Amino acid sequence: MHSMSHLGAQGYEYAYIMRFGLISYGALVVVAAILKVTKRFRTGWPHGFIGIYGFAILLTGFFSTAPFRPGIPFSIREANLHSNIGSLAGFALSTAMLAFTVMAQTPRGRIIHLVALVLILLMPEIFFKFSDAAGVLQRLLWLVMLAWFAILEIPSLQADFRQPPTLPSA
């Protein structure tokens, strides 16, 4: 099964759809991260790493991976650039998760961020061992990442781990 990057590969006739998606998603993440950092720099600085992640994802929309079909001419330089930028995205996201783990105010918050970090770090290793299932595993990686983003950004999900519980007043 092909990876998500292959959906935007060089020489693929429908690649523009995935490229547009990567550029749009990356731009949205960058804007959101900038707003978070500028709103509360003292506690929002880990969102800067999410901004770097978003910018790297945006760039992967401009630089495509090698084709998944044999015999199609392609730029090795562009494919390598796509891979390196993807690695930067993974590093930035992992760093953000680590920063949020350290900054978490409750044990539950630390656990959520730490579990997401461990899953994000283990998935690429599993890709190499089970390369035939790389596409499925990559989609699971995105699912973990999007679930973490949802917990981080959706107010109704934050209430349980951002603030320590308070006792009801009598």
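Entry remark, region 109-149: residues being surrounded by fewer than 13 Cβ atoms within 10 Å (Cβ to Cβ), under 19 Å from residue 92 (Cβ atoms) and aromatic (Phe, Trp, Tyr) number 1 in total. Looking for something outside any helix (DSSP H, G or I) and of a type in the set (Gly, Ala, Ser) - is there at least one such residue anywhere in region 45-59? Within region 45-59 (the criterion being outside any helix (DSSP H, G or I) and of a type in the set (Gly, Ala, Ser)), the answer is no, since none of the residues qualifies.
Say we look at region 55-83 and pick out the residues that are on the phi < 0 side of the Ramachandran plot and free of Cβ contacts under 8 Å to residues at least 12 places away in the same chain; which of these is surrounded by the most Cβ atoms within 10 Å (Cβ to Cβ)? This residue is 80.
For residue 153, the conditions (1) at pLDDT 85 or above; (2) in contact with a helix residue (DSSP H, G or I) (Cβ under 9 Å, 6 or more places away or on another chain) all hold with the exception of (1).
Looking only at region 93-104, decide whether some residue is farther than 21 Å from residue 15 by Cα, modelled with pLDDT under 80 and surrounded by fewer than 13 Cβ atoms within 10 Å (Cβ to Cβ). No, because not a single residue in region 93-104 is farther than 21 Å from residue 15 by Cα, modelled with pLDDT under 80 and surrounded by fewer than 13 Cβ atoms within 10 Å (Cβ to Cβ). Looking only at residues of region 13-54 that are within 14 Å of the chain's Cα centre (by Cα) and either of a type in the set (Phe, Trp, Tyr) or surrounded by fewer than 15 Cβ atoms within 10 Å (Cβ to Cβ) (or both), we find that the one that is nearest to residue 87 (Cα to Cα) is 53.
Within the set 63, 68, the sole residue that is modelled with pLDDT of 80 or more, under 27 Å from residue 19 (Cβ atoms) and not in a helix (DSSP H, G or I) turns out to be 63. Does residue 112 meet the test of being under 26 Å from residue 18 (Cα atoms) and either of a type in the set (Phe, Trp, Tyr) or in a helix (DSSP H, G or I) (or both)? No: the conditions fail for residue 112. Suppose the filter is of a type in the set (A, V, I, L, M), closer than 22 Å to residue 65 by Cβ and at pLDDT below 85; does residue 81 pass it? Here the answer is no, as residue 81 does not meet what is asked. Residue 86 meets all of the listed conditions (1) assigned to a helix (DSSP H, G or I); (2) in contact (Cβ under 8 Å) with a residue 40 or more places away in the chain; (3) farther than 19 Å from residue 134 by Cβ but one, namely (3).
Restricting attention to region 100-109, does a residue exist that is in a helix (DSSP H, G or I), touching a Pro at 6+ places or on another chain (Cβ under 7 Å) and touching a residue at least 24 places away in the same chain (Cβ under 8 Å)? First the steps, then the outcome.
Our first condition is that a residue be in a helix (DSSP H, G or I); within region 100-109, this holds for 100-103, 107-109.
Those left that are additionally touching a Pro at 6+ places or on another chain (Cβ under 7 Å): 100, 103.
Remaining after also requiring touching a residue at least 24 places away in the same chain (Cβ under 8 Å): 100, 103.
Checking region 100-109: at least one residue is in a helix (DSSP H, G or I), touching a Pro at 6+ places or on another chain (Cβ under 7 Å) and touching a residue at least 24 places away in the same chain (Cβ under 8 Å).
Considering only residues that are touching a residue at least 40 places away in the same chain (Cβ under 8 Å) and either among the hydroxyl-bearing types (Ser, Thr, Tyr) or in contact with a Gly (Cβ under 8 Å, 6 or more places away or on another chain) (or both), which ones fall in region 27-54? Once the filter is applied, which keeps residues that are touching a residue at least 40 places away in the same chain (Cβ under 8 Å) and either among the hydroxyl-bearing types (Ser, Thr, Tyr) or in contact with a Gly (Cβ under 8 Å, 6 or more places away or on another chain) (or both), region 27-54 yields 32, 43, 53. In the set (1) of a type in the set (Ser, Thr, Tyr); (2) assigned to a helix (DSSP H, G or I); (3) closer than 24 Å to residue 135 by Cα, the condition left unmet by residue 38 is number (3).
The values are calculated or read from the model by the stated rules, or taken from the named source; none is laboratory data. In this text, all values refer to a predicted model and were calculated from it rather than measured experimentally. Cβ sites come from the backbone with ideal geometry, for glycine too, and all protein chains shown count toward neighbours.
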